[in-house]
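Below you'll find the structure, written out as structure tokens, and then a few comments.
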């Protein structure tokens, strides 16, 4: 399974905010990761709507985590940012299938998807950066 850029960017933002344990701007994060500011801004807006980050306008504005990184589950973030209903056509939201109900593809892939998400549920955003100091240093050098 391949995550969308949307999920990838959401996790990157959360990791950067957790590692720095300080307020950062969209521009800061986009520059450090070398990614599109416009795409990142859309992800940040969604992270705020989901209650995962807080944003602040004006001079000195930016964003920070809305709760400790230890409380943000990676599986939960992926579930919120991925469209898992259309993983394959015979899932709800897919375009349908001529042999729906006559094959075992749906339960096989559904089980694989659930195993994938269950594995991610074992991780918190805080687990994604084992060496906080090195992570922050690398992001600072990339900027």
Can you tell me which of 87, 81, 91 is modelled with pLDDT under 85, surrounded by 15 or more Cβ atoms within 10 Å (Cβ to Cβ) and closer than 15 Å to residue 3 by Cβ? 87
Selection count, the range 18-33, where residues are in contact with a helix residue (DSSP H, G or I) (Cβ under 7 Å, 6 or more places away or on another chain) and either at positive phi or free of Cβ contacts under 8 Å to residues at least 40 places away in the same chain (or both): 4
Is the range 57-69 home to any residue that is in a helix (DSSP H, G or I) and either within 17 Å of residue 16 (Cβ to Cβ) or at pLDDT 95 or above (or both)? yes
Given the criteria over 18 Å from residue 132 (Cα atoms) and either in a helix (DSSP H, G or I) or touching a helix residue (DSSP H, G or I) at 6+ places or on another chain (Cβ under 8 Å) (or both), does residue 15 qualify? no
Check whether at least one residue in the range 47-56 is at pLDDT 95 or above, part of a helix (DSSP H, G or I), surrounded by 15 or more Cβ atoms within 10 Å (Cβ to Cβ) and under 14 Å from the mean Cα position of the chain (by Cα), and report yes or no. yes
If we scan the range 122-137, do we find a residue that is in a strand (DSSP E or B), in contact with a helix residue (DSSP H, G or I) (Cβ under 9 Å, 6 or more places away or on another chain), at pLDDT 95 or above and surrounded by 12 or more Cβ atoms within 10 Å (Cβ to Cβ)? yes
Which pairs do you get when a residue that is farther than 16 Å from residue 48 by Cβ, found in the range 58-86, comes within reach of a residue that is in a strand (DSSP E or B), reach meaning Cβ atoms under 7 angstrom, with the pair 6+ apart or on two chains? 69/124; 70/124; 73/124; 74/124
So how many residues does the range 34-57 have that are out of contact with any helix residue (DSSP H, G or I) (no Cβ under 9 Å at 6 or more places or on another chain) and in contact (Cβ under 8 Å) with a residue 24 or more places away in the chain? 1
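The values are calculated or read from the model by the stated rules, or taken from the named source; none is laboratory data. Here the structure is a predicted model, which is why all the values come from computation and not from measurement. We place every Cβ from the backbone using ideal geometry, glycine too, and count neighbours over all the protein chains shown.
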